[in-house]
Amino acid sequence: MSETKKTDEAAIPQQASASEGSADREVLLRVEGLTKHFPIKKGILQRQVGAVKAVDGIDFEVRKGETLGVVGESGCGKSTMGRVITRLQDPTGGKITFEGRDITRLKTGQMRPLRRDIQMIFQDPYGSLNPRHTIGSIVSAPFRLQGVEPEGGVKKEVQRLLSLVGLSPEHYNRYPHEFSGGQRQRIGIARALALKPKLVVADEPVSALDVSIQAQVVNLMDDLQEELGLTYVIIAHDLSVVRHVSDRIAVMYLGKIVELADRTSLYESPMHPYTKALMSAVPVPDPKRRGQKSERILLRGDVPSPIAPPSGCRFHTRCWKATEICRTTEPQLVELRPGQRVACHHPENFADQAPQDTVLLTAAKEASELVPDAVASGGSAEKEPAAKEAPEPAEAVEASEVKEAAEASEPEKAAEAPVEPTGSSKTEEVSEASETAADASETTETTDVTETTEEASETAEAAEAAETAEAPEAAETAEAPEGAEAAEAVETSGKKTGPGAKTTNEADTAGSAGTQESTDK
Amino acid sequence: MTELSKTGAAVGEPTPAKAPEAFLEVRDLKVHFPTDDGLVKSVDGLSFSLEKGRTLAIVGESGSGKSVTSQAIMGLHRLGTRGKNVRMSGEIWLDGKELVSAAPDEVRKLRGREMAMIFQDPLSAMHPYYKVGDQIVEAYRVHHKVSKKVARARAIEMLDRVGIPEPAKRVDGYPHEFSGGMRQRAMIAMALVNNPELLIADEPTTALDVTVQAQILDLIRDLQKEFGSAVIMITHDLGVVAEIADDVLVMYGGRCVERGPADEVFDKPQHPYTWGLLGSMPRIDRETSERLIPVKGSPPSLINVPSGCAFHPRCPYADIPKGNVTRTVRPELELVSTGHWSACHLSAEDRQRIWTEEIAPKL
């Protein structure tokens with residue numbers, strides 16, 4: 001343990017500087033397949049008749065010195081997750097590894113020495129402090145319980161902690177009710193930091209506080225992280241707060257992680273439709289953006305019950321892109337882009353993972369009415385290609401992601417993607433469409449793709465699919481060439497600059513703007 | 001007892017000289033609560049007006065008096081024994097009627113019909129023992145002499161209108177059977193069942209998830225468009241304000257510190273407290289700056305409101321105006337530009353300079 005402490009300290013300066021790109025850091029906590037089910041019992045015999053699947057198979061890791069944000073709606077299991085990884089509750093299944101040691105099944109006694117390293121900050125600053133204890137005894141409790149005698153005595157150390165979190169040492173003998181909400185939250189933080197933990201799990205640390213106080217606490221947590229080299233797991237429902245504090249963010253929906261990515265990727269190009277909807281719903285303090293209602297995706301209804309979560313992808317009942325495969329097959333959390341893991345068959349801003357499946361579910365058709373489709377004209381980077389009409393345009397967008405797909409070594413989609421824009425420009429015959437598609441697949445080859453053998457057949461299929469669905473419409477299109485232009489532009493940009501998220505976004509915009517116009521006609 | 005306004009004008013006979021043109025006008029409203037610890041000045045001289053079809057957002061931290069203001073307009077402080085513990089003065093004019101001096105019965109006739117309220121927590125605002133539909137029916141039948149059947153049909157219609165699926169079935173559900181968002185929708189249905197002209201929403205989305213919040217805000221906006229009612233939205237979330245409000249009123253320590261059209265207030269905020277609120281908010285639409293700019297200290301006690309400008313102990317610019325003026329003289333609202341008022345001792349030039357040079361770049 002002393003060894004790890006040394007490395008921990010050594011890592012501090014590095015942590016302070018590198019807030020992003022933390023990929024190479026040592027993993028502090030690893031969670032694999034974690035589940036937590038709460039049994040529902042009925043009858044005299046208290047037989048189990050079901051379970052609330054609060055956390056249902058999640059994997060992630062927390063690296064030293066980083067802040068992992070966990071967001072989701074109420075009832076998605078984020079708090080339960082926090083309590084299980086700190087072992088305040090026992091997991092039903094899965095594995096939790098802390099500093100390389102499996103702590104999943106440790107007994108209370110075995111767990112106690114570890115409590116020093118894993119601490120928790122609770123949401124409710126009123127409920128988490130014993131009203132009958134003074135601040136001094138609350139903050140010194142960790143020392144008492146762990147039998148630690150800090151240098152210079154407990155009282156001195158507690159007073160130091162109090163001043164560290166911005167309270168005055170004279171508060172030592174006061175009671176919790178004498179403090180305001182923000183001050184109480186600081187007391188909670190002081191207690192959590194008493195034993196110099198390595199990992200702090202903060203469950204909604206600021207949501208009970210006023211805006212101006214929120215900022216104070218957020219800044220305090222920031223400062224402490226820099227000073228003490230802490231690692232945070234911050235659970236919150238406020239996406240703006242999470243974005244502000246986190247290096248990486250996990251988005252949860254009904255007990256599952258649907259997307260896990262670093263902050264920039266997640267907020268600039270969310271891949272999971274749920275992430276996108278969640279972010280578009282956050283109100284922005286800028287009245288000029290009002291009226292651009294089209295940017296917002298309204299989800300219909302509520303989160304389904306975790307007692308009987310929907311089959312397949314859990315989000316399919318509210319997703320505007322859901323197809324049959326979403327209902328039947330559960331998508332795995334896979335790394336589609338470096339550092340961005342997504343569990344979705346039809347991700348946004350990326351190549352479709354199940355392009356053969358194009359028929360929308362009924363629920364999705366309804367939901368897609370709530371998704372803005374005319375955003376293209378707005379020139380915003382986030383495009384929502386009319387899922388309403390047909391899913392093909394959605395794939396067309398992915399034309400722009402040729403190089404990306406190539407990078408992700410899934411060439412079949414890349415090859416398939418350019419079909420639509422070219423198809424809409426030339427429009428006459430299947431054969432021609434498939435030719436261009438073949439061309440396109442060659443282009444992808446040049447942008448260093450390794451596997452090309454499957455492509456030809458895939459392309460032909462895709463071309464056919466696109467033709468049957470799209471050609472009649474496209475034939476009538478006057479402005480179709482723009483789509484082609486856009487597609488070309490994308491290709492060239494892909495060649496010139498090579499894989500890169502920024503250019504992709506631009507290309508994205510151009511591509512979808514073109515297709516948008518053509519499909520709208 | 002209640003400290004009545006000096007005019008003593010009864011409902012229905014507004015003094016011609018005094019009757020305002022605006023649909024709702026609040027003049028120098030004061031709501032004080034005597035307690036064992038001292039007099040709590042929850043609202044201390046607040047004035048504003050609101051036209052039909054407009055939305056006013058009242059923003060402030062907890063304890064700034066925003067909820068008390070709304071309850072005063074609704075006349076809720078005068079109910080039962082609570083009326084004995086409050087001192088109200090000033091004037092509230094709703095559609096030509098003065099409410100502060102009006103008899104409780106007169107106000108009751110207006111409550112629900114002309115003005116209605118959506119509360120923050122629908123679970124505690126609804127009676128757990130009665131079916132949701134029955135509660136809406138009751139609200140309707142208080143003001144309309146109709147049979148239960150007609151009222152029930154109206155309740156179903158309203159539930160449908162606010163987007164509750166299967167309203168004919170849900171009308172017989174109990175509040176606990178509804179999810180948070182649905183409960184809030186039912187609350188809105190209940191508030192709107194009599195087509196009120198003034199709708200007061202007290203933190204209607206604070207307890208809800210963002211996705212549901214977006215649904216509810218949309219709903220309120222659509223309904224307002226449809227019914228043309230005036231809406232007062234009480235919130236602490238500037239994002240919600242920007243989303244929905246035409247005008248903004250920022251409250252601090254029971255008084256208005258800044259008031260104006262939403263665009264103006266967000267674009268050229270004049271009061272240091274408004275700057276503080278804007279700086280404290282992490283924003284999803286901008287590049288993350290390294291740190292938030294919090295307001296130091298905590299909100300004042302309403303028993304001992306700081307002398308002079310109530311914000312001076314927390315204001316980083318309190319020492320700029322000469323003399324001790326910020327500590328001794330209470331600033332009055334001054335017109336900054338058309339419809340934009342601010343109560344601050346800083347000179348217009350200083351404010352302009354601080355905003356453009358120090359605050360705006362950091363946001």
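Brief remarks on what is shown
- When B:G254 is tested against the conditions (1) within 12 Å of chain A (Cβ to nearest Cβ); (2) out of contact with any Cys (no Cβ under 6 Å at 6 or more places or on another chain), the lone failure is (1).
- Where a residue in the range A:211-230 is in contact (Cβ under 8 Å) with a residue 24 or more places away in the chain and its partner, wherever it lies, is acidic (D, E), with Cβ under 9 Å and at least six apart: A:I213/B:E61; A:Q214/A:D238; A:G229/A:D8; A:G229/A:E9
- Hey, A:G229 surrounded by fewer than 23 Cβ atoms within 10 Å (Cβ to Cβ) and at the interface with chain B (Cβ under 9 Å from one of its Cβ atoms) or not: no
- Of everything listed in (1) under 27 Å from A:R132 (Cβ atoms); (2) within 11 Å of chain B (Cβ to nearest Cβ), the single unmet condition for A:V218 is (1).
- Restricting the range B:168-180 to residues that are within 14 Å of chain A (Cβ to nearest Cβ) and assigned to a helix (DSSP H, G or I), the residue that is surrounded by the most Cβ atoms within 10 Å (Cβ to Cβ): B:R170
- Residue pairs meeting the criteria (Cβ under 6 Å; at least 6 apart or on separate chains; first within 8 Å of chain A (Cβ to nearest Cβ), in the range B:236-248; second assigned to a helix (DSSP H, G or I) and among the β-branched types (V, I, T)): B:H236/A:V211
- Count of residues meeting criterion [of a type outside the set (D, E) and assigned to a loop (DSSP other than H, G, I, E, B)] in the range A:312-342: 17
- Residue match in the range B:305-316 (condition: in contact with a Ser or Thr (Cβ under 7 Å, 6 or more places away or on another chain) and in contact (Cβ under 8 Å) with a residue 60 or more places away in the chain): no
- The range B:108-125, subset surrounded by fewer than 22 Cβ atoms within 10 Å (Cβ to Cβ) and in contact (Cβ under 8 Å) with a residue 60 or more places away in the chain, residue farthest from B:S89 (Cα to Cα): B:L123
- Residue count for the range A:103-159, restricted to those that are within 37 Å of the chain's Cα centre (by Cα), part of a loop (DSSP other than H, G, I, E, B) and among the small types (G, A, S): 2.
- Any hit, the range A:247-266, residues being within 8 Å of another protein chain (Cβ to nearest Cβ), touching a helix residue (DSSP H, G or I) at 6+ places or on another chain (Cβ under 8 Å) and not charged (D, E, K, R): no
- Among the residues making up the range B:121-144, those that are at pLDDT below 90 and part of a helix (DSSP H, G or I) are B:P122, B:L123, B:S124, B:A125.
- Meets criteria (over 31 Å from the mean Cα position of the chain (by Cα) and among the hydrophobic types (A, V, I, L, M, F, W, C)) for A:L162: yes
- When we screen B:R183, B:R154 for residues that are touching a residue at least 60 places away in the same chain (Cβ under 8 Å), out of contact with any strand residue (DSSP E or B) (no Cβ under 9 Å at 6 or more places or on another chain) and not in a loop (DSSP other than H, G, I, E, B), the only hit is B:R183.
- Residue count for the range A:63-76, restricted to those that are buried (at least 24 other Cβ atoms within 10 Å of the Cβ), at pLDDT below 90 and of a type in the set (G, A, S): 1
- Qualifying residues in the range A:169-211 (those that are acidic (D, E) and in a helix (DSSP H, G or I)) - the one surrounded by the most Cβ atoms within 10 Å (Cβ to Cβ): A:E178
- Qualifying residue in the range A:99-114 (condition: touching a residue at least 60 places away in the same chain (Cβ under 8 Å), surrounded by fewer than 18 Cβ atoms within 10 Å (Cβ to Cβ) and within 30 Å of A:E226 (Cα to Cα)): no
- Positions within the range A:172-212 being touching a Gly at 6+ places or on another chain (Cβ under 9 Å), more than 14 Å from every other protein chain (Cβ to nearest Cβ) and not hydroxyl-bearing (S, T, Y), in sequence order: A:N173, A:R174, A:K198, A:V201, A:A202, A:D203
- Checking each residue in the range B:186-216 for being under 15 Å from the mean Cα position of the chain (by Cα) and within 14 Å of chain A (Cβ to nearest Cβ) picks out B:E203, B:P204, B:T205, B:T206.
- Scanning the range B:50-87 for residues that are away from chain A (no Cβ under 14 Å), over 12 Å from the mean Cα position of the chain (by Cα) and within 28 Å of B:D237 (Cα to Cα) yields B:E51, B:K52, B:G53, B:G75, B:L76, B:H77.
The values are calculated or read from the model by the stated rules, or taken from the named source; none is laboratory data. Here the structure is a predicted model, which is why all the values come from computation and not from measurement. Methodologically, a virtual Cβ is constructed for each residue, glycine included, from the backbone with ideal geometry; neighbour enumeration extends over all protein chains shown.
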